[in-house]
Amino acid sequence: MPRSGLRNRINLATSIAALCLFISQASCKPNRNDNRIVVASAGKITSLDPAQANTFHTLQLISALGDTLYKIDVNGELKPNLAKDIPKISENGLTISIPLREDVLFHDGTRFNSLAMAFSLKRFMRIGTLSYIIGGRISSIETPEPYLIRLKLSRPSSSIIGLLTSINLTPISPKAYERHTDKFLNRKFIGTGPYQLTTFRSQHQRLTPFPLYWNKSPRNSGIDFISLSNSTSLFGALQSGEIDVLLSNSIDEDQRRSLNKMANEGLIREGAGAAMEIGYITLRSNIYPLNQKIVREALLHSLDREQISERVSYGLREPLRAIVPPSLSHKSNSPWPTYDPQTAKKLMQEAGYCETKKLTLPLTYRSNVPADKLLALTWKAQIKRDLSDCLNLKLDGVESTTIYRQLGEGAFQAVILDWRGAYPDPEAYLSPLLSCNKSKEMVCEEGEAAISGSFWTTPFMEREIRLSDELRGPNRKKKLNEIEQSAAKGAAYLPVWLVKPRAWAQNHLAKPEFNGSGQLLLESLRQIK
């Protein structure tokens, strides 16, 4: 047996043994009589504090333990959740009044009201690690009535309504967090959701239905949410029946394809959510050689997305020529150029390369994200085929946490990344990549564009982003499209594909369902006869 195969079997056996311990049952097979569901994913959870949460795994879990003021349904429509009705916006756009439900309890018995909501919002504004989400838009919070909260804005904001669906703004119990108003509470979560947390370990969280939940009760008797070490372990655990549901993050593309095929053959059930995650490449625009716009433009023309989608994901990742998901732009907006190797070569020649001079460009990929390496290898092969006398990619795999830590320091000339907006609005994609507080000509010195690693901006980019957030209706859509077109011309980002979240379930369960924000509805998981 090849050593790699032996390692895979050892990893699988080790992970399944750990799983047996996690679910604490007499046998390794889950006991179907108790109607509990075992859901597996990759990636440890180190903190359940919504002010700190930023991974898919953590946000997925918090979405079952808490509620947001509003939610996005499967049709993309805004629906009241903890709010009792749609928000009322003043004529000048600077005051938002939100009536709250009066029948909601936190898991510790504390009543949800305007004071609790204000406590949660103010706490996030003080210590939230994703400060760009609010971005100074909320100047003050008022609680004129027990079940009415008012947000005073520093400027009119169209995206503020979408912001109110963000899992990071999930309300938490003021009583439970009274000693953590200025610091994180990592191993507990006291919210208002359909489940309450009864066990927390970094690789295992047990959820039990909250008996006093204000809305419909979960359709199962609880969830064991577990993490396994790698894709082989996850895939094997689903095949062997040791887990009930598998989430798609961190699954190798070959195994994703196999799962999709198994679902098409009726062996398992597959559910897919709204495509809210984009995959892209950041090009550092403030140093040689990528400070030459013409070189960045050549790179934009060198990428064959259709071939990459087919070879890397077998067509399961949709080619993308935008940095805002199409479902949020409400039209087929594709401002980035298509694959055109002749134009790419012409641009490289104009930049002084090809024939006697070849550019070697470092491309960094996340070594722990399976699709990244395949993308890097495929693009490298395309360039070798089309531009071998002009350009060569030098690949370097780096663990993702290291990349995220060093990105804003300008450590990478070209790096493969992905992004999922914190709430379903174009601003949640444009602002984190393009906003800039301090710039010099076309270089961002301080702001999200610098933190993102591109360092690209225009003298009026920040003003345009703010203006778009003050507009509404068709005027706002037009301005957002103009901003994205400007970003495409700047050529500091290279969008690659669009990713749908997927989940696969055993046939004794109903098909997994997602909400409009791309979260798996754990409360809808159920056994069927």
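The values are calculated or read from the model by the stated rules, or taken from the named source; none is laboratory data. Quick caveat: nothing in here was measured; it's all calculated off a predicted structure. Positions of Cβ are backbone-derived with ideal geometry, glycine not excepted, and every protein chain shown enters the neighbour counts.
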Among 310, 265, the single one that is out of contact with any strand residue (DSSP E or B) (no Cβ under 7 Å at 6 or more places or on another chain), more than 30 Å from residue 350 (Cβ to Cβ), surrounded by fewer than 20 Cβ atoms within 10 Å (Cβ to Cβ) and not assigned by TED's automatic domain parsing to the domain that holds residue 518 is 310
Scanning the stretch 507-529 for residues that are modelled with pLDDT of 95 or more and among the small types (Gly, Ala, Ser), the one nearest to the chain's Cα centre (by Cα) turns out to be 524
Scan the stretch 491-506 and tell me whether some residue there is more than 30 Å from residue 375 (Cβ to Cβ), surrounded by fewer than 24 Cβ atoms within 10 Å (Cβ to Cβ) and not assigned by TED's automatic domain parsing to the domain that holds residue 74. yes
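Take residue 418 and tell me if it is among the acidic types (Asp, Glu), within 30 Å of residue 70 (Cα to Cα) and touching a strand residue (DSSP E or B) at 6+ places or on another chain (Cβ under 8 Å). So that I can check it myself, show each step before the final result.
On the way: among the acidic types (Asp, Glu): yes; within 30 Å of residue 70 (Cα to Cα): yes; touching a strand residue (DSSP E or B) at 6+ places or on another chain (Cβ under 8 Å): yes.
Answer is yes for this residue.
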For the stretch 337-382, give me each residue that is surrounded by fewer than 17 Cβ atoms within 10 Å (Cβ to Cβ), small (Gly, Ala, Ser) and not in a loop (DSSP other than H, G, I, E, B). 381
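So that you can scan it fast, the table gives a plain yes or no per residue for (1) without any contact (Cβ under 8 Å) to a residue 40 or more places away in the chain; (2) of a type in the set (Val, Ile, Thr):
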residue	(1), (2)
203	no, no
206	yes, no
216	no, no
219	no, no
223	no, yes
230	no, no
Would it be correct to say that residue 197 is surrounded by fewer than 19 Cβ atoms within 10 Å (Cβ to Cβ) and closer than 13 Å to residue 108 by Cα? no
Log entry, pairs with first residue in the stretch 171-191 being among the β-branched types (Val, Ile, Thr), second being assigned to a loop (DSSP other than H, G, I, E, B) and surrounded by fewer than 19 Cβ atoms within 10 Å (Cβ to Cβ), beta carbons closer than 7 Å, six or more apart or on different chains, reads 190/108; 190/176
Where in the stretch 1-107 are there strands (runs of 3 or more DSSP E), lying fully within it, with 1 or more residues that are modelled with pLDDT of 95 or more, within 24 Å of the chain's Cα centre (by Cα) and within 19 Å of residue 194 (Cβ to Cβ)? 37-42, 70-72, 78-80
Being more than 18 Å from the chain's Cα centre (by Cα) and on the phi > 0 side of the Ramachandran plot narrows it down to one residue among 314, 288; which is it? 314
Given the residues 448, 464, 482, 513, which is the only one that is of a type outside the set (A, V, I, L, M) and under 19 Å from residue 336 (Cα atoms)? 482
For residue 281, state whether it is part of a loop (DSSP other than H, G, I, E, B) and either in contact with a strand residue (DSSP E or B) (Cβ under 6 Å, 6 or more places away or on another chain) or of a type in the set (Phe, Trp, Tyr) (or both). no
